[in-house]
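Okay, structure first, notes after.
The values are calculated or read from the model by the stated rules, or taken from the named source; none is laboratory data. Just so you know, these numbers come straight off a predicted model, no measurement behind them. So basically every Cβ, Gly included, is an ideal-geometry build from the backbone, and we count neighbours across all protein chains shown. Please note that ligands, DNA and RNA were not included when accessible areas were found on the heavy atoms of the full protein model with its side chains. Shrake-Rupley method; radii C 1.70, N 1.55, O 1.52, S 1.80 Å.
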Amino acid sequence: YLKTLNKNGQLFYQLEHPKFHAEISQFGGQLISFKDESGVEWIWLSSSAKLDGSAPIRGGAPICWPWFGPAQDNSLPQHGYARRLPWQLLDCEGDDERVRIRFSCQLDQAPIDLSNLSLIIEYVLGDDITINLHTENLTEKTLNLSQAIHTYFNISDIYQCKLIGFEQINYEDKLASKSGVHKHPLSISYPVDRVYLDAIEKIEICTDESHFVVSGSGYDSVVLWNPWKEGAEAMGDFDNDGFAHMICVEMANTQGLQVGSHDSHTLTQQIKRI
Ligand code: TA6
């Protein structure tokens with residue numbers, strides 16, 4: 001199933017399976033495409049994304065680790081280093097139902113000391129997508145970790161997208177610096193950047209063309225983001241009209257996860273299309 005492609009010095013792993021076609025970049029260990037057997041693309045990738053390793057890839061399912069959002073020290077990059085580092089292919093095995101492929105982040109190439117930590121991502125791809133992000137803390141100290149699987153979902157039209165599952169969950173609105181809660185399914189027609197402060201068992205992203213059901217485990221919050229028109233135009237690697245064809249729904253640990261010495265944690269996101 002596995003083919004390795006070298007595009008301007010960057011490695012991309014292509015999986016061609018009867019049930020799906022997928023692509024994962026070595027840079028960031030990032031899923032950047034998943035087409036199911038009916039040819040529908042589940043993952044949004046900006047057509048102006050940098051694919052040469054010079055910046056995190058805009059789109060796909062970037063890994064935010066070992067922190068989510070801005071760092072305390074603003075000389076450090078937003079969302080940490082995992083999406084800025086090369087990842088090593090560990091193994092790939094499959095059958096008629098699915099392929100399981102794993103990568104290990106090359107933390108020794110980070111400009112900060114991440115030694116005695118291990119970060120492994122496992123993609124289990126078939127009729128649906130499972131992403132398992134596994135952190136091992138081999139140090140003698142407790143690791144304070146925030147992280148997210150920052151998935152960009154590909155949708156036909158944001159104006160007819162309905163988001164179900166966020167009702168009655170308190171959220172922090174990062175744009176308006178206030179909290180909120182809503183009673184009804186959500187439709188988006190403005191910039192949104194919210195952290196929903198609880199694990200939401202089942203999230204549905206509904207448009208005429210696709211109905212995604214998103215779940216997971218090991219998370220304490222769900223981040224919802226769409227930069228909208230002005231936000232997209234302000235980012236050089238975000239197609240100007242891209243905001244109308246994507247929504248980010250991210251399983252995250254933003255509420256103070258601690259991984260004890262010689263302990264581990266797995267963050268999982270699962271995506272089905274019904
Ligand atoms: O998705 C939530 C968020 O933290 C937003 O605030 C926005 O910054 C987005 O991530 C994208 O961040 P990036 O560093 O990839 O431009």
Any chance you could count how many residues in the stretch 152-171 are open to solvent by 40 Å² or more (accessible area, probe 1.4 Å) and assigned to a strand (DSSP E or B)?
-> 2
Consider only pairs whose beta carbons are under 6 Å apart and that are at least six residues apart or on different chains; among these, list those whose first residue lies in the stretch 252-269 and is within 10 Å of residue 135 (Cα to Cα) and whose second residue is at pLDDT 95 or above and not in a strand (DSSP E or B).
-> 266/218; 267/218; 267/219
For the subset of the stretch 220-253 comprising residues that are among the charged types (D, E, K, R) and within 11 Å of residue 195 (Cα to Cα), which member is nearest to the ligand (Cβ to nearest atom)?
-> 250
Is one or more of the residues making up the stretch 226-234 in a strand (DSSP E or B) and modelled with pLDDT of 95 or more?
-> yes
Failed criterion for residue 28 (all others in (1) under 21 Å from residue 227 (Cα atoms); (2) touching a helix residue (DSSP H, G or I) at 6+ places or on another chain (Cβ under 7 Å) hold) = (1)
What are the residues in the stretch 94-130 that are more than 18 Å from residue 42 (Cα to Cα) and hydroxyl-bearing (Ser, Thr, Tyr), if any?
-> 104, 115, 118
Subset of the stretch 172-190, residues surrounded by 10 or more Cβ atoms within 10 Å (Cβ to Cβ) and among the aromatic types (Phe, Trp, Tyr), comes to none
Name every residue in the stretch 236-251 that is touching a residue at least 40 places away in the same chain (Cβ under 8 Å) and surrounded by fewer than 15 Cβ atoms within 10 Å (Cβ to Cβ), in order of residue number.
-> 236
Per-region count, the stretch 1-15, residues open to solvent by 10 Å² or more (accessible area, probe 1.4 Å) and in contact with a strand residue (DSSP E or B) (Cβ under 7 Å, 6 or more places away or on another chain) = 9
Counted residues, the stretch 106-151 - those being open to solvent by 10 Å² or more (accessible area, probe 1.4 Å) and closer than 18 Å to residue 31 by Cα = 10
Scan (1) touching a Leu at 6+ places or on another chain (Cβ under 6 Å); (2) within 16 Å of the ligand (Cβ to nearest atom); (3) touching a residue at least 40 places away in the same chain (Cβ under 8 Å) for the single condition residue 68 breaks and write down its number.
-> (1)
Could you tell me whether any residue of the stretch 64-74 is under 23 Å from residue 93 (Cβ atoms) and at pLDDT 95 or above?
-> no
Filtered residues of the stretch 191-219 (kept if under 25 Å from residue 48 (Cα atoms), surrounded by fewer than 18 Cβ atoms within 10 Å (Cβ to Cβ) and more than 16 Å from the ligand (Cβ to nearest atom)) | 209
Selection from the stretch 76-94 of residues that are within 15 Å of the ligand (Cβ to nearest atom) and among the small types (Gly, Ala, Ser) = 80, 82
Note on residue 77: of the conditions (1) touching a residue at least 40 places away in the same chain (Cβ under 8 Å); (2) surrounded by fewer than 23 Cβ atoms within 10 Å (Cβ to Cβ); (3) under 23 Å from residue 110 (Cβ atoms), unmet is (1)
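Quickly run through the stretch 224-235 and pick out the residues that are among the hydrophobic types (A, V, I, L, M, F, W, C) and open to solvent by 10 Å² or more (accessible area, probe 1.4 Å).
First, pick out the residues of the stretch 224-235 that are among the hydrophobic types (A, V, I, L, M, F, W, C): 224-225, 228, 232, 234-235.
Residues satisfying the conditions are 225, 228, 234, 235.
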The stretch 36-50, residues that are over 20 Å from residue 121 (Cα atoms), touching a residue at least 40 places away in the same chain (Cβ under 8 Å) and either within 12 Å of the ligand (Cβ to nearest atom) or open to solvent by less than 60 Å² (accessible area, probe 1.4 Å) (or both) | 36, 40, 41, 46, 48, 49, 50
